[in-house]
1. Classify the stretch 138-252: rounded, prolate or oblate, from the alpha-carbon gyration tensor (a ≥ b ≥ c, eigenvalue square roots; a/c under 1.5 rounded; otherwise prolate if a/b is larger than b/c)?
2. Computed over the Cα atoms of the stretch 128-181, what is the ratio Rg over Rh, Rh following Kirkwood?
3. With charges set only on the Cβ (+1 for Lys and Arg, -1 for Asp and Glu), what does the dipole of the stretch 27-250 come to about its Cα centre, in debye to the nearest 20?
4. Convex hull over the Cα atoms of the stretch 197-238, averaged projected area in nm²?
5. Which residue, Ala157, Thr131, Val113, has the largest displacement toward the positive end of the dipole of the chain when charges sit on each Cβ (Lys, Arg +1; Asp, Glu -1)?
6. From the gyration tensor of the Cα coordinates in the chain, what semi-axes in whole Å does the equivalent ellipsoid have, largest first, with each one equal to sqrt(5λ)?
7. Could you tell me the distance between the Cα centroids of the stretch 156-221 and the stretch 51-77, to the nearest Å?
8. Give me the dipole magnitude in Debye, nearest 20, for the stretch 54-114 about the Cα centre, with unit charges on the beta carbon: positive for Lys and Arg, negative for Asp and Glu.
Amino acid sequence: MRRLLLTVLCAVALTATAASLEAQVTEWSAETRVVASFKVNDAAAQALLPAGWVLDPSTAPASRGANLNITVMERKVVLDPQGRPLKTGTSRYLVVGIPARQTASGQTNTVVVYGISPEGPGAYDVYDFATVARVERNETGEGEAQGKARELWSFAAAGGDRLSLTLAYQRAAATRSRSEVHVRSGKHPEYTRTYKIEQAADVVRSTASGVNRVETWTFSASGPHLGPLFNGSEALVSLTVVPSYIREISLP
């Protein structure tokens, strides 16, 4: 009888834990992305991090040495935990993330320090309201060939920041991966979200690995937040196109 009781209690505990974890999921999305990884002035990037955090440049083969990422994304499907569309069910925005390390614990995270979004400050409380958040995409292909694509992204913020990029490239077979990452707010570093990600990524340019299938690349960024980072001293390290990016977001 005692063993049976313990078994029942364990089952109840596991069910309660599963229900608790399920309740922490805040949204699910399917997206396309372009990630531009840069080596920018260390002092300018460090100034954006909260106290107790320092730069921790990428060690990934394609983006080795990069200390700042610009991610532009089109969230084609955005759902709440019940599978219903969040707001309109789609959105386009950009995020500025810095790979960083907490000096006290040694923990490493991506710290989101700025962004431009039609939704305003967002979960990390660091985004500026977008007055422009636009993407244009043209793709050509035939048969089983990988084909080519051209993308134009434009963002403008109410606070005066602007960013635009044009990217034309030859596609290649994307690399599939799964990961779980923890992302922090640069304004409230105690705030963390967990992303469970499944993606297919195509590195179209990498100075570290010598890959370059880019035919056209233009980039400009200005304004009170972006200007100090992109003043002509920055160096592009890699460009990664992510045609399939699926994530489940939960707290913490």
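1. Details: a/c = 1.96, a/b = 1.17, b/c = 1.68.
Oblate, because a/c is 1.5 or more while a/b does not exceed b/c.
2. Values: Rg = 15.7 Å, Rh = 13.7 Å.
With Rh from the inverse mean 1/r over Cα pairs, Rg/Rh is 1.14.
3. Values: 24 positive and 22 negative charges, 32 e Å.
Approximately 160 debye in magnitude.
4. Working: hull surface 18.5 nm².
Projected area, direction-averaged: 4.6 nm².
5. Val113
6. On the way: eigenvalues 223, 107, 73 Å².
Result for the chain: semi-axes of 33, 23, 19 Å.
7. After rounding, the separation between the Cα centres reads 7 Å.
8. I would put it at about 180 debye.
The numbers here are math on the coordinates, done by the rules we state, and not lab data. Computed from a predicted structure; not experimentally measured. Reconstructed Cβ throughout: ideal geometry from the backbone, glycine too, with neighbour counts over all protein chains shown.
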